[in-house]
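This report refers to the structure that appears directly beneath it.
The values are calculated or read from the model by the stated rules, or taken from the named source; none is laboratory data. Computed from a predicted structure; not experimentally measured. Backbone-built Cβ (ideal geometry, glycine too); neighbour counts: all protein chains shown.
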Amino acid sequence: MEPFRAFVGDMLPSSQRTTGFATQSFFIGIGAIVASFLPYIFTNWFGVANTVEEGVIPLSVKLAFYIGAGTFFPAVLWTVISTKEYSPEELESFDRESKDCQENKRTTIDPSPVEARVFYKNSIYWMMAGIAITFAVTYWDIAKEVYIFGVGGLVFGIIQIITGMLTSAGKTNNALVEVLNDLFKMPDTMRQLAWVQFFSWFALFSM
């Protein structure tokens, strides 16, 4: 699915990307609902067996997967066959036009490294949040799975401290520092998309 997210960004002008990503997320949600509903349809509308012995996948679920694969393959094939791939020269001309039209609306990531103090400051917040969540899970006996949020906050805080130390030492040409820099300097459109993705997937798995 991720290559197709990038595909939307590559093929649409910046003015249409928000609509493109929203439309894509909408159809992802519709597809998820239909896929979840297919075993029920097979069982209750067509009388396909939905109960089997332990360790065996029911026929209704197998058929849902087969239909999904049968739908997915021609859709991807049609996209591959029908979509024009732009040459590097064309993409470069698009970039030039975009820069000319949106001089004051930068969407590229600033190449200069984030200051070490920014990493240190943010690490404190993340570690405090991680400790608070871990304490809450223990004290109020919340579902143990929530520990992952606490541990995740602590780990991300530690990663930022390490990144700050590397930045202070001038060692900015390594993968960890580059990834954290890109994360902190993410364009506004990508930040908005990150929230959309978080809540759409949260809702999907909650459903």
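To keep it simple, each residue is scored yes or no on (1) farther than 27 Å from A203 by Cβ; (2) not in a helix (DSSP H, G or I).
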site	(1), (2)
S15	yes, no
S36	no, no
S60	no, no
K84	yes, yes
Only one of (1) outside any helix (DSSP H, G or I); (2) modelled with pLDDT of 90 or more fails for A69. Which number is that? (1)
Which one of V61, V34 is over 30 Å from A6 (Cα atoms), surrounded by 12 or more Cβ atoms within 10 Å (Cβ to Cβ) and out of contact with any Ser or Thr (no Cβ under 8 Å at 6 or more places or on another chain)? V61
Condition (residue is in a helix (DSSP H, G or I) and closer than 30 Å to L12 by Cα) applied to the range 154-175: is it met by at least one residue? yes
Of the candidates W78, W45, the one satisfying the condition of being under 29 Å from M190 (Cβ atoms) and at pLDDT 90 or above is W78
G9 meets each of (1) over 25 Å from F202 (Cα atoms); (2) at pLDDT below 85; (3) surrounded by 11 or more Cβ atoms within 10 Å (Cβ to Cβ) with one exception, condition (1)
Among the residues of the range 149-174, which ones are exposed (fewer than 12 other Cβ atoms within 10 Å of the Cβ) and of a type outside the set (S, T, N, Q)? A169, G170
Would you pick out the residues in the range 66-94 that are touching a residue at least 24 places away in the same chain (Cβ under 8 Å) and farther than 21 Å from P13 by Cα? I67, G68
Note on I142: of the conditions (1) of a type outside the set (S, T, Y); (2) under 30 Å from T18 (Cβ atoms); (3) assigned to a loop (DSSP other than H, G, I, E, B), unmet is (2)
Is it true that S15 is hydroxyl-bearing (S, T, Y), over 19 Å from the mean Cα position of the chain (by Cα) and over 23 Å from L193 (Cβ atoms)? no
On the given criteria, is N44 exposed (fewer than 15 other Cβ atoms within 10 Å of the Cβ), over 21 Å from the mean Cα position of the chain (by Cα), without any contact (Cβ under 8 Å) to a residue 12 or more places away in the chain and assigned to a helix (DSSP H, G or I)? yes
